[in-house]
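See below for the structure under consideration.
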Amino acid sequence: MKSISIIFPVHNEFDNLEKLLSDWATKLNSNKIEYEFVIVEDGSTDGTKELIQKLESLYNIVNLCKNEKRGYSKAVIDGIYASTKKYLLCTDSDNQIKVDSLIESINNLPDYNEFIIGYRNPRKDPLNRLIYSWLFKIFHKLLFRTNLKDPSCPFVIGLSSTFKSLDKVQLGYMREGFWWGFVALCSKKKIKFIEKPIKHFSRDKGEAGYKLENLLGIIFRNIKGLLRIKFS
C-alpha cells in the first residue's frame, strides 16, 4: 500500500477546508492509499482552527495550528518535517488543485533525488498574479537555467527523504515564493523534476492572488531570496 502525507498550508480557509478534506479522503480511501493530512494552520481568524479540531475526529490529521502567522514558506517547511509517511505531497488548501491530480501519478511515484512537479494547465488565477509569475519566471530562468513550464506550481510529490535532504535554512529564504526557491535549490543539487500537467480550477471562495498594494514588497523580498540562494 502506498503511504503519503498531504501537506496543506492553511490560512483563513473555513469555507474551503471541510469539502477539500472530504473530497481527498473519499478518493484516497477508494484507491486504498494510506494517508495523513498535515494541516499547517497559520494564524487564521475565521474559525478555521476550530473547524480543524472538529475534523480531527473524522480524518487522520496532523494538526499544526499556531496563533501567530508564520508565513507560507515556514508553514510548508514545518509540514515537511512533521510528516511521517514515505512520500509527501505539498499542495495548497484553496481547492484549486483536486485529488485526481495525485491519483493520476500514484502508480509512478518518483525515486530518490527526483520530484514530480505539476504545471497548471490552464492556470486559473487572477491577471495580476499571472503577470507577476510570467515576469518572475524570466528572472528565475536567467539565474538557475531552469526550463520548467510552471516553477511556482504548488503541487510537488517526492520521497520524504528527498524533501529533507534540502537545506532547511535556505528553503526559508523565500518568505512568500516558496516554490521558486525550492526549484532553485533543487537545480543547484541536480535533483530531477518530472513535469505533469494538472487541472487547475478557479477559486470558488476566499481571496485569490496578492493584493496590488503588497506586490512591490513581495517582488523585492523574492528577488532578494533568490539571490541569497544563488550565491550561498
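The values are calculated or read from the model by the stated rules, or taken from the named source; none is laboratory data. A quick note: this is a predicted structure, and the numbers were derived from the prediction, not measured. As a convention, Cβ positions derive from the backbone with ideal geometry for all residues, glycine included, and neighbour counts pool all protein chains shown.
Within the stretch 39-59, track down each residue that is surrounded by 16 or more Cβ atoms within 10 Å (Cβ to Cβ), farther than 21 Å from Val169 by Cβ and not hydroxyl-bearing (Ser, Thr, Tyr).
Within the stretch 39-59, Ile39, Glu41, Gly43, Lys49, Leu51, Ile52, Leu55 meet the criteria.
From the list Gly181, Gly158, which residue is buried (at least 19 other Cβ atoms within 10 Å of the Cβ) and closer than 22 Å to Arg129 by Cβ?
Every option except Gly181 fails the conditions.
What are the residue pairs meeting all of these: first residue in the stretch 77-105, first residue free of Cβ contacts under 8 Å to residues at least 60 places away in the same chain, second residue of a type in the set (Asp, Glu) and buried (at least 22 other Cβ atoms within 10 Å of the Cβ), Cβ atoms under 7 Å, and 6 or more apart or on different chains?
Hits for this filter: zero, empty list.
Report, ordered by the first and then the second residue, all pairs with beta carbons closer than 7 Å, sequence separation of six or more or different chains, a first member in the stretch 145-158 that is in contact (Cβ under 8 Å) with a residue 40 or more places away in the chain and within 15 Å of Asp125 (Cα to Cα), and a second member that is surrounded by fewer than 23 Cβ atoms within 10 Å (Cβ to Cβ) and acidic (Asp, Glu).
Pro154/Asp92
Only one of (1) of a type outside the set (Phe, Trp, Tyr); (2) under 15 Å from the mean Cα position of the chain (by Cα); (3) closer than 23 Å to Ser83 by Cα; (4) modelled with pLDDT of 90 or more fails for Lys168. Which number is that?
(2)
Just name the residue that is surrounded by the most Cβ atoms within 10 Å (Cβ to Cβ) out of those in the stretch 84-100 that are over 19 Å from Asn63 (Cβ atoms) and either of a type in the set (Val, Ile, Thr) or in contact with a Ser or Thr (Cβ under 8 Å, 6 or more places away or on another chain) (or both).
Only one residue tops the list, namely Tyr87.
Name the residue that is nearest to Thr162 (Cα to Cα), counting only residues in the stretch 65-78 that are in a helix (DSSP H, G or I) and not acidic (Asp, Glu).
The selected residue is Ile77.
Only residues that are of a type in the set (S, T, N, Q), over 20 Å from the mean Cα position of the chain (by Cα) and assigned to a loop (DSSP other than H, G, I, E, B): list them for the stretch 38-64, please.
The answer is Thr45, Ser57.
Within the stretch 79-97, identify whether any single residue is part of a loop (DSSP other than H, G, I, E, B) and more than 27 Å from Gln170 (Cα to Cα), and answer yes or no.
Yes; the residues of the stretch 79-97 include at least one that is part of a loop (DSSP other than H, G, I, E, B) and more than 27 Å from Gln170 (Cα to Cα).
Look at the stretch 134-151 and say how many of its residues are out of contact with any Ser or Thr (no Cβ under 6 Å at 6 or more places or on another chain), among the polar types (S, T, N, Q) and surrounded by 15 or more Cβ atoms within 10 Å (Cβ to Cβ).
Final tally of qualifying residues: 0.
Restricting attention to the stretch 170-187, report how many residues are under 11 Å from Ser73 (Cα atoms), outside any loop (DSSP other than H, G, I, E, B) and not polar (S, T, N, Q).
Number satisfying all stated conditions: 6.
Could you figure out which of (1) outside any loop (DSSP other than H, G, I, E, B); (2) in contact (Cβ under 8 Å) with a residue 12 or more places away in the chain isn't true of Ile131?
Status for Ile131: all satisfied but (2).
For the stretch 61-81, which residues satisfy the criterion of being surrounded by 16 or more Cβ atoms within 10 Å (Cβ to Cβ) and more than 21 Å from Cys153 (Cα to Cα)?
The answer is Ile61, Val62, Leu64, Cys65.
What do you reckon, is Ser161 touching a Lys or Arg at 6+ places or on another chain (Cβ under 8 Å) and either over 24 Å from His11 (Cβ atoms) or part of a strand (DSSP E or B) (or both)?
No.
Name every residue in the stretch 12-30 that is surrounded by fewer than 15 Cβ atoms within 10 Å (Cβ to Cβ) and under 22 Å from Asn67 (Cα atoms), in order of residue number.
Answer for the stretch 12-30, where residues must be surrounded by fewer than 15 Cβ atoms within 10 Å (Cβ to Cβ) and under 22 Å from Asn67 (Cα atoms): there is none.
Here are some residues: Ser202, Ser133, Ser161. Which one is polar (S, T, N, Q), under 18 Å from the mean Cα position of the chain (by Cα) and modelled with pLDDT of 95 or more?
Ser161
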